[in-house]
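Input: a single structure, listed below in structure tokens.
Read-outs throughout are calculated quantities, based only on the coordinates presented, and are distinct from any laboratory measurement. Values in this document were obtained by computation on a predicted structure and should not be read as measured data. Don't worry about glycine lacking a Cβ; one is built from the backbone with ideal geometry, like all the others, and counts go over all protein chains shown.
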Amino acid sequence: QVQLVESGGGLVQAGGSLRLSCRASGRTFSFDYMGWFRQAPGKEREFVAAIRWSTGTIYLSDPVKGRFTISRDNAKNTLWLQMNSLKLEDTAVYYCAAQYGSRPKMKSEYEYWGQGTQVTVSS
């Protein structure tokens, strides 16, 4: 059984930075992709960023390009999301996810999800 555990969320002022982490456990071989999604109150869960585990190829959604970056440590089975220049609209619950598939931006392709971590950006 795969477990994904996020940490690093919190309250930050607009313009500030946060770094989220996600540790995967319970499996001995690598996922094809790991990613971050977020869900704001009353909205659908949306793609934020993904990384191909084997090559490090990165995918970012348009709203976060130039501000967020995703990285991983294969040996530690850990994924990070560095969020800079945070905006009020970045406020959401952020979820880590993993898939054995080929479509990194597709929410439905992700089989495993963390419990989520709250990020709140204040003015």
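General remarks:
- Where a residue in the range 18-43 is in contact (Cβ under 8 Å) with a residue 40 or more places away in the chain and its partner, wherever it lies, is surrounded by fewer than 10 Cβ atoms within 10 Å (Cβ to Cβ) and among the hydroxyl-bearing types (Ser, Thr, Tyr), with Cβ under 7 Å and at least six apart: none
- Residues located in the range 49-75, provided they are over 25 Å from Thr91 (Cβ atoms), touching a strand residue (DSSP E or B) at 6+ places or on another chain (Cβ under 9 Å) and small (Gly, Ala, Ser): Gly56
- When each of Arg38, Arg45, Arg67 is tested for being within 11 Å of the chain's Cα centre (by Cα) and under 21 Å from Gly10 (Cα atoms), the lone residue that passes is Arg38.
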